[in-house]
1. Which listed residue (H110, S47, L85) has the Cα farthest towards the positive end of the charge dipole for the chain, taking +1 on Lys and Arg C-beta and -1 on Asp and Glu C-beta about the Cα centre?
2. If neighbour count is taken as other Cβ atoms inside 10 Å, put L231, L132 in order from fewest to most.
3. How high is the relative contact order of segment 157-260, given as a whole-number percent (alpha carbon pairs under 8 Å, six or more residues apart)?
4. What nm value, rounded to one decimal, do you get for the distance between L85 and V226 when each label is placed 7 Å out toward the C-beta?
5. Between segment 22-68 and segment 75-107, what is the separation of their alpha carbon centroids in Å?
6. What residues have an amide H closer than 5 Å to that of L175, excluding those fewer than 5 places away on the same chain, when H is modeled at 1.01 Å from N in the peptide plane?
7. So what is the calculated 222 nm ellipticity per residue for the chain, using -39500 (n - 2.57) for each DSSP H run with n of 4 or more, over all residues, to the nearest 500 deg cm²/dmol?
8. Would you list L85, L181 from fewest to most Cβ contacts within 10 Å?
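Just so you know, all these numbers are worked out from the coordinates, no wet-lab data involved. Computed from a prediction, not measured in an experiment: that's the story for all the values here. Every residue, glycine among them, receives a Cβ derived from its backbone with ideal geometry; neighbour counts consider all protein chains shown.
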Amino acid sequence: MSQKIAVAIIHGVGKGEQNFAEGMIQKLRKLFKKYLLRERNIANPSSELVIEPIYWAPILQIPENDLWNRIIQGGMLSYTNLRHLMIDYGADAIAYQITPNDQHFYDSIHGIFADALKKLASNNGAGEKAPLCVIAHSLGSVIASNYIYDLQTNNIPNPVINRMGNTYLEKGETLTLFYTLGSPIAIWSLRYPNFGVPISMPAPALPNHYPNLEGEWVNYYSKNDVIGYPLKTINNDYNNNVTADRNVRVGGLFSWWNPASHLKYWTDNDVIKPIAQSLVKAWLTVNP
C-alpha cells in the first residue's frame, strides 16, 4: 500500500467562498497525475494526493458584518464600497493579531487549521505519518507560518491543543513542502527585532520519518502585487530557510500588470506546475 501525500490549502483575506481552492485542486490533481504517470504506471495516481482546504473566513466575517452594521448607523459615509472593502480585507489582518489580554480570533482560526490537519492525518485521509505540503495565499501564509512556528516552539495554546490529535503529521513533524503565494510575511516581520525568526523548513523531525525526503519553501510573488514580497533577503534566517523567491507573472490581460494580480496565483501554470512536480518527487521518494 502506497504512502499518500497530504496537502493543506489555506486562503487569504476577504469573504472568500467555501470552494475557494477548487480550481487549484483540480489543476493540481491533473498535473500530478500527468507527471507521476511519466515516472510510474499506477492505477489511480490522482488519489495519491489527499487535499484539505482550510476555510477560516467565517470566523471573522460574522463580526465584521456586525461591525459594518453598527458603523453605518452613525451617519452618511462616502466611498462605502471602499470602506466595505477595507473592513473585509484590512480588518482580517487586524483582528487576527494577538492582544495582551485576548487571542480569541487567533486561536479560533488556528483551530480550523488543526481540524484540517486532523482530517489529513486520519485513516480516511493520508495517514498519521504522511508527508505534509502546505500551500498558503496572502494572509493565509502568515496564519500558516504562525501555526507551524507555534508547533515548532511547543507554544500551542490550549484551545488549539484540544482540537489536535497526537499524530506525527498534526505535530508538524512531517512538514516537507511549504508554498507561499502573494505573501505579506515580509511586512509582518516588522513586528519583531531584526525582522523575526522564520519557521524551520523542512520540519526538523522530518529525517526521523523520511531520511531521503527533501523539503522546500518556495515563495511566489508578482512584482505587480503590492501585498506579496520576496522573503530570502529579510535576514540570514529567512535566507537559510526559504529555498527560493520566484517572481511570477500571474493573471490575464486585465490583471497581470496591476495589484489585481494578487488574486491570480491559484491556477497559474508558473505556480501550479512546479508544485505538482515537487509533489510527484516527494511521492516517488516515499514510495520507492
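1. Going by the Cα projections, it comes out as S47.
2. L231, L132
3. Rounded, it is 27 percent for segment 157-260.
4. 0.9 nm
5. Taking the Cα centre of each part, segment 22-68 and segment 75-107 sit 27 Å apart.
6. Here L132, A203 satisfy the definition.
7. One gets -12500 deg cm²/dmol as the mean residue ellipticity at 222 nm.
8. Listing L85, L181 from fewest to most nearby Cβ atoms yields L85, L181.
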